[in-house]
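Chemist: Please see the structure below; I have some questions.
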Amino acid sequence: MPDDARQRTVLVVDDDRGLLRLIGKALQREGFSTATAASGAEAIAWLGKHHADLTLLDLKLPDLEGKEVIAHLRETPFVVITGQGDERIAVEMMKRGALDYLIKDVHFVELVPTVVHRVFGRIEDQKRLQVAERQARLAQTLVEQGSSGAMILQAHLENPMIAYANPALATLVGCAVDHLVGSPFRVLDAFAHGWEPIARALAAQRAFSGILRLRRRNAEQRSARCRMTPICDHGGEQTHWAVVIDDVTQQQRLERELLDISDREQNRIGQDLHDNLGQKLTALELFTQALVTDLRKDAPELVASAAEISRQLQAVIRDARTMAHVLSPVSLDKYGLQNALRELARATTVLTGVRCEFTCETETQAHDLAVATQLYRIAQEGTNNAVKHAGATRIHVSLKENGDCFDLTIEDNGQGFSASASKQDGMGLGLMQHRASLIGASLVIQSEPGKGTQLCCRAPARL
């Protein structure tokens, strides 16, 4: 018997004391605690001092009618007991809240424990249902009042229907909830453009995670982080797509401003190293070379020391130039990005021995320093991954201007990696994704073990 059955108390109300004893013993054998009352007044008095988990109530009592006792049961569940031929009255009591009824026949006592177990099972089911309903209401409140936009799309449709949309999504899009629910997914295009990444994922029946660049009808542009995952039924079959969208426009603006400040400061330091300290060190090194020439005539014994000073100055100048380039890799001139990428490829080849090539089909002008800097950093991280992690012997970096966008591609012939391996620490993929999101770029990485890696980044020419 279940452990919780021992803690349940059943009050049996009947004017037949012999029957009370039989019912009490039958229930006690099943582990229930029992109490008895032979009249309505006795039952009411007992209920005033005690609690019953269930009451078995005879409808015909010597002092009170069953329905009068029912008024004193408060919220205690009850089962009615009636004689044969009174089924109509029992049905009426069911309408008043009775959970079941028992008819006094030859099998009556034997059936009591079965009915009591069944009723308690129903009570537990109702409690679980109430808890589930409360949780569902809380979850609905959370979604309805949350700041994240949410919608549910039907699966396996060419143009899925929007089964649900919350107010936050409607606000992000710039319309009313009623305009979305029950409409095809493509109705979103009527309010904001930029849903193509989700549409492609739906067409391919795959999950999606990335940044959307939404442009509303009033020309306002918003950045939104989107996650689309499948919803499956109890049998494991996918039925819907859950889409959660967070407006990150303000967050990205602040992050970009902070990054711009950092980049400007690095560029300033880099330019100072190159134009100020670098020039002074170069002048000093030239002066030292002239000193070596003079010492050969006047003090030959000092030539070696002066020559060593010259060599040390040359090394310091090289280090200063390297530091200046690291701090300020992209110049402010219109071809600064492609020149920086060309130098990145050259330096990678020289410093690592890995053949790295850069191609740019046409002269590409990057007018936005923030976009150019982030694209360079992504390329820098991509080539670094190819050398350190992929074991590549050949890397190809390409830049192409495509309308109002830049397409940056880094390909290598390294060992590649699986999707799970891409999440490991040290790969730098998360940092590249973050840099891409700051400038509203899309970043797609394709790789398989043994087949190399291709990184494609499409970024707007201007923010």
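The values are calculated or read from the model by the stated rules, or taken from the named source; none is laboratory data. Values in this document were obtained by computation on a predicted structure and should not be read as measured data. Positions of Cβ are generated from backbone atoms using ideal geometry, with glycine treated the same way; all protein chains shown enter the neighbour counts.
Chemist: With the condition being closer than 28 Å to residue 126 by Cα, among the hydrophobic types (A, V, I, L, M, F, W, C) and assigned by TED's automatic domain parsing to the domain that holds residue 108, I'd like the helices (runs of 4 or more DSSP H) fully within segment 1-85 carrying at least 3 qualifying residues.
Modeler: Filter on segment 1-85 gives 17-29, 40-49.
Chemist: Report, by residue number, each residue of segment 136-162 that is touching a residue at least 60 places away in the same chain (Cβ under 8 Å), surrounded by fewer than 15 Cβ atoms within 10 Å (Cβ to Cβ) and over 20 Å from the mean Cα position of the chain (by Cα).
Modeler: Within segment 136-162, just 156 meets the criteria.
Chemist: Another question, then. When you go through (1) farther than 30 Å from residue 445 by Cα; (2) modelled with pLDDT of 90 or more one by one for residue 152, which number turns out not to apply?
Modeler: All conditions pass for residue 152, except number (1).
Results for (1) surrounded by 14 or more Cβ atoms within 10 Å (Cβ to Cβ); (2) in contact with a Lys or Arg (Cβ under 6 Å, 6 or more places away or on another chain); (3) under 18 Å from residue 7 (Cβ atoms); (4) at pLDDT 90 or above, shown as yes or no for each residue.
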site: 22; (1), (2), (3), (4): yes, no, no, yes
site: 25; (1), (2), (3), (4): no, no, no, yes
site: 37; (1), (2), (3), (4): yes, no, no, yes
site: 82; (1), (2), (3), (4): yes, no, no, no
site: 104; (1), (2), (3), (4): yes, no, no, no
site: 108; (1), (2), (3), (4): yes, no, no, no
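Chemist: Does residue 124 satisfy the condition of being over 18 Å from residue 8 (Cβ atoms) and in contact with a helix residue (DSSP H, G or I) (Cβ under 9 Å, 6 or more places away or on another chain)?
Modeler: Taking the combined requirement at face value, the residue does not satisfy it.
Chemist: Out of all the residues in segment 189-218, which are farther than 11 Å from residue 243 by Cβ and part of a helix (DSSP H, G or I)?
Modeler: Result: 189, 190, 196, 197, 199, 200, 203.
Chemist: Find all pairs meeting these conditions: Cβ atoms under 6 angstrom apart; at least six residues apart or on different chains; first residue within segment 445-463 and of a type in the set (D, E, K, R); second residue in a strand (DSSP E or B).
Modeler: Final answer for the pair search is 458/405; 458/407; 458/442.
Chemist: When segment 183-200 is examined, which residues are found to be closer than 18 Å to residue 218 by Cβ and within 23 Å of the chain's Cα centre (by Cα)?
Modeler: Matches in segment 183-200: 188, 192, 193, 194, 195.
Chemist: Just to check your reading of the model, which residue among 275, 247, 294 is of a type in the set (Asp, Glu) and farther than 29 Å from residue 435 by Cβ?
Modeler: It is 294.
Chemist: A further question on this structure: Which residue pairs have Cβ atoms under 8 Å apart, sit 6 or more places apart or on different chains, and have a first residue in segment 289-318 that is more than 27 Å from residue 273 (Cβ to Cβ) and a second that is part of a helix (DSSP H, G or I) and among the small types (Gly, Ala, Ser)?
Modeler: Listed pairs, sorted by first residue: 295/306.
Chemist: Here's something else I'd like to know. Please determine whether any residue of segment 186-194 is under 18 Å from residue 228 (Cβ atoms) and among the acidic types (Asp, Glu).
Modeler: There is at least one residue in segment 186-194 that is under 18 Å from residue 228 (Cβ atoms) and among the acidic types (Asp, Glu).
Chemist: Name the one entry in 296, 227, 264 that is closer than 30 Å to residue 167 by Cα and of a type in the set (Lys, Arg).
Modeler: 227
Chemist: Also, quick follow-up: Working only within segment 169-187, note down all residues that are touching a residue at least 24 places away in the same chain (Cβ under 8 Å), in a helix (DSSP H, G or I) and surrounded by 15 or more Cβ atoms within 10 Å (Cβ to Cβ).
Modeler: Passing the criteria: 169, 172, 173, 185, 187.
Chemist: Which residue out of 224, 242, 219 is closer than 30 Å to residue 460 by Cβ, surrounded by 14 or more Cβ atoms within 10 Å (Cβ to Cβ) and out of contact with any helix residue (DSSP H, G or I) (no Cβ under 9 Å at 6 or more places or on another chain)?
Modeler: So the residue among 224, 242, 219 that is closer than 30 Å to residue 460 by Cβ, surrounded by 14 or more Cβ atoms within 10 Å (Cβ to Cβ) and out of contact with any helix residue (DSSP H, G or I) (no Cβ under 9 Å at 6 or more places or on another chain) is 242.
Chemist: Next question, about the same structure. Give 222, 217 a once-over and let me know the one that is over 25 Å from residue 436 (Cβ atoms), in contact (Cβ under 8 Å) with a residue 40 or more places away in the chain, of a type in the set (D, E, K, R) and assigned by TED's automatic domain parsing to the domain that holds residue 165.
Modeler: Only one candidate passes the filter, namely 217.
Chemist: Sticking with this structure for a sec: Among the numbered conditions (1) of a type outside the set (D, E, K, R); (2) part of a helix (DSSP H, G or I); (3) under 18 Å from residue 336 (Cα atoms); (4) at pLDDT below 85, tell me where residue 376 comes up short.
Modeler: (4)
Chemist: Same structure, new question: Here is a check on your reading of the model: is residue 211 at pLDDT below 85, exposed (fewer than 12 other Cβ atoms within 10 Å of the Cβ) and β-branched (Val, Ile, Thr)?
Modeler: The answer is no for residue 211.
Chemist: Consider residue 128 against the criteria (1) loosely packed, with under 12 Cβ neighbours inside 10 Å; (2) at pLDDT 90 or above; (3) part of a loop (DSSP other than H, G, I, E, B): it satisfies all of them except one. Which criterion is unmet?
Modeler: Among (1) loosely packed, with under 12 Cβ neighbours inside 10 Å; (2) at pLDDT 90 or above; (3) part of a loop (DSSP other than H, G, I, E, B), residue 128 violates only (3).
Chemist: What about residue 277, is it modelled with pLDDT of 75 or more, in a helix (DSSP H, G or I) and not assigned by TED's automatic domain parsing to the domain that holds residue 225?
Modeler: Considered against the rule, which asks whether it is modelled with pLDDT of 75 or more, in a helix (DSSP H, G or I) and not assigned by TED's automatic domain parsing to the domain that holds residue 225, residue 277 comes out as yes.
Chemist: Here's something else I'd like to know. Let me confirm something: among 256, 321, which residue is of a type in the set (D, E, K, R), part of a helix (DSSP H, G or I), in contact with a Leu (Cβ under 6 Å, 6 or more places away or on another chain) and not assigned by TED's automatic domain parsing to the domain that holds residue 206?
Modeler: Step by step, each of 256, 321 is checked, and only 256 is of a type in the set (D, E, K, R), part of a helix (DSSP H, G or I), in contact with a Leu (Cβ under 6 Å, 6 or more places away or on another chain) and not assigned by TED's automatic domain parsing to the domain that holds residue 206.
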